[in-house]
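Read-outs throughout are calculated quantities, based only on the coordinates presented, and are distinct from any laboratory measurement. None of the values given here were measured: they were computed from a predicted structure. So basically every Cβ, Gly included, is an ideal-geometry build from the backbone, and we count neighbours across all protein chains shown.
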Amino acid sequence: MTTTALPDTDALRARAEQALHRCGARLPAEGAAGHLAARTPLTGGTLLTLPMTTSEDADAMIAEARAAFLEWRTVPAPRRGALVKRLGELLSIHKEDLAGLVTIEAGKIHSEALGEVQEMIDICEFAVGLSRQLYGRTMASERPGHRLSESWHPLGVVGVISAFNFPVAVWSWNTAIALVCGDTVVWKPSELTPLTAVACAALLRRAAEDTGAPDGVHRLLLGGRECGERLVDDPRVALVSATGSVRMGREVGPRVAARFGRCLLELGGNNAAVVTPSADLDLAVRGIVFSAAGTAGQRCTSLRRLIVHEEVADELTQRIVHAYGQLPVGDPFQPDTLVGPLISTAAYDAMAKALETAQADGGKVLTGGDRQLREAAPEAAYVRPAVVRMPAQTAIVREETFAPVLYVLTYRTLHEAIELHNGVPQGLSSSIFTRSQREAERFLAADGSDCGIANVNIGTSGAEIGGAFGGEKETGGGRESGSDAWRAYMRRATNTVNYSDDLPLAQGVNFL
Ligand code: NAD
């Protein structure tokens, strides 16, 4: 199914400009470092051009964030929470504006774009609560008259590098937590989504003005990877939190490590669901289709591999193919559209190449993979999500192709399913559909799924902010968002206080 009409670039530009204006955003003045074209994947057209941040400006912004940090770190954490509370309020007021920009720049269907902004509001609430916690522990000292404890202190400037597919939520996960932890933030958003970034920066600037926080708590760098490299290599940036491809993480990780900086990496996934013979197939179909085809397969947690017991493989595959036939592809602003465009025609080319390779490996494309609306928007990339039955987990299945391709594999024993499941380089999200508690627990156990996220009877995507988000292996090992992920944004000091008149040494050592 394809919706026919698409909005034109001029109408999208006008809508984007109005949303930016309402958020209080001023587009940066002309610069000397070249221009960044803000595009929309809805038509492939250019909306606006923005000046890129020069290397001198980046240097000055990092200095401003560092100077603001020296002040901000001494503001009591609950008062830092007031800034994030205000940001959350402004995000609620401008939810529709920001979601509109997310749809225009990232191509997400509007309900998912609204959901992404809701996630920002949720993390602000979480961070405000956290601002009255930031707990350290007290440990038992082996020495009489001594107290042993730990304190958590602000870390410094946090450099946030983010990907196009969650253009605003990832920034908020990092920024809301970093700010209550007493850090300041310099953000390098994806070059594919600069307008959403300008809007977020404007809302945070307003929140800082309203609450009397230093203006330098946040700075925005606009540009490509060379702009991100400024954060990677600068020793004033205490933590680099980078979200994107494994390729990017491979470049960023060692460079930050070389200067002994801290790095939090949130990289690609290759997420799988295991479906056992006891699964509720109605529920499984819904969970699978949302995870695999939702966001046009452009979530880091998108479902890419389905590992189905051979007894139910034919029935489940038929039902998924049927459901795929009902998915309206088209204008993401239309309320009945469920699949918007891919980010670019290059993303479609990568998808087509993956499908070609899968077929050469013996795979059978059961549905999808064909481009839609080509005449209406030749520079955009609308595509029907694909399902491919594979004879084995070949090299292409072990790669992340950032597009809606679902590979179906079959298994006989749960052991075999878990081996297949873990037999990829990435380790982000996973799930099992089963009615058997034994199977579910086996999947969640130490020798079960090796991912940072392991679910039962829901798909791989759509995490809540309350849990720590991230994955293992090539996904990078970082954790963001809820639980105790805040610790990555602070430094820990262990304190030993002697309140006695003696000086006993630890481990019974005698000296003087
Ligand atoms: P990308 O790697 O192309 O770019 C991500 C960001 O890194 C951009 O801002 C880019 O400018 C910057 N960058 C690239 N190379 C750099 C370098 N050498 N130094 C500094 N910065 C550099 O990724 P993308 O195409 O925007 O996003 C899709 C990828 O991101 C997918 O692999 C997806 O799985 C992953 N992703 C992961 C998560 C997660 O939480 N694990 C979340 C969203 C997206």
Using only the Cα atoms, work out Rg/Rh for region 391-448, with Rh taken as the Kirkwood radius, to two decimals.
0.96
Express in whole angstrom the spacing between the alpha-carbon centres of region 342-364 and region 168-184.
36 Å
Beta bridges by DSSP in the chain, antiparallel share as percent, to the nearest 5
40 percent
Which log10 I(q)/I(0) values does the chain give at q = 0.08, 0.11 Å⁻¹ under the Debye formula, counting every alpha carbon as one identical point scatterer?
-0.52, -0.94
The answer for trypsin sites (Lys or Arg not before Pro) in region 404-440 that fall in a DSSP coil and have at most 12 neighbouring Cβ atoms within 10 Å is 412
Proximal charge balance of residue 508 [Cβ under 15 Å; K/R count +1, D/E count -1]
-1
Separation of the residue 96 and residue 132 label points, Cα + 7 Å toward Cβ, nm:
3.3 nm
Are there GluC sites (Glu not before Pro) in region 1-104 that DSSP puts in a loop and that have at most 14 other Cβ atoms within 10 Å, and which ones?
30
Would you mind calculating the gained length between residue 247 and residue 494 on full extension (0.36 nm times residue separation, minus the Cα-Cα distance), in nm to one decimal?
85.3 nm
Mean shadow area of region 271-469 over all directions, Cα convex hull, nm²
10.9 nm²
Once every DSSP H run of n ≥ 4 in the chain is given -39500 (n - 2.57) and the sum is divided by its residues, what mean residue ellipticity at 222 nm do you get, rounded to the nearest 500 deg cm²/dmol?
-12500 deg cm²/dmol
J(HN,Hα) series, region 488-497, from Karplus relation 6.51 cos²θ - 1.76 cosθ + 1.60, nearest Hz, glycine and proline x
5, 9, 10, 10, 9, 10, 8, 10, 10, 10
Net charge near residue 108 (other residues with Cβ under 11 Å of its Cβ; Lys, Arg +1; Asp, Glu -1) is -2
What does the highest-first list of 324-330, 176-182 look like by mean Cβ count within 10 Å?
176-182, 324-330
Taking region 185-229, how much of its Cα-Cα pair set, in percent, is spaced more than 13 angstrom apart?
53 percent
Nearest-5 percent of antiparallel DSSP beta bridges in region 271-469?
20 percent
10 Å-binned pair-distance histogram of region 241-378 (Cα, whole percent)
10, 32, 32, 19, 7, 1
Hey, rough spin-label estimate for residue 26 and residue 278, points 7 angstrom out along Cα→Cβ, what's it come to in nanometres?
6.4 nm
Return one number: the angle in degrees, 0 to 90 and rounded to the nearest 10, between the long axis of the Cα atoms of helix 281-293 and the longest principal axis of the Cα atoms of the chain.
70 degrees
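Would you mind ranking 295, 357, 317 so that the residue whose beta carbon has the fewest other beta carbons within 10 Å leads the list?
Going from sparsest to densest Cβ surroundings: 357, 317, 295.
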Whole-Å semi-axes of region 326-441's equivalent ellipsoid, largest first, each the root of 5 times a Cα gyration tensor eigenvalue?
30, 18, 12
For region 405-497, percent of DSSP beta bridges that are antiparallel (nearest 5) comes out at 50 percent
Run the dipole for the chain about the Cα centre, Lys and Arg Cβ at +1, Asp and Glu Cβ at -1, nothing else charged, and hand back the magnitude in debye, nearest 20.
720 debye
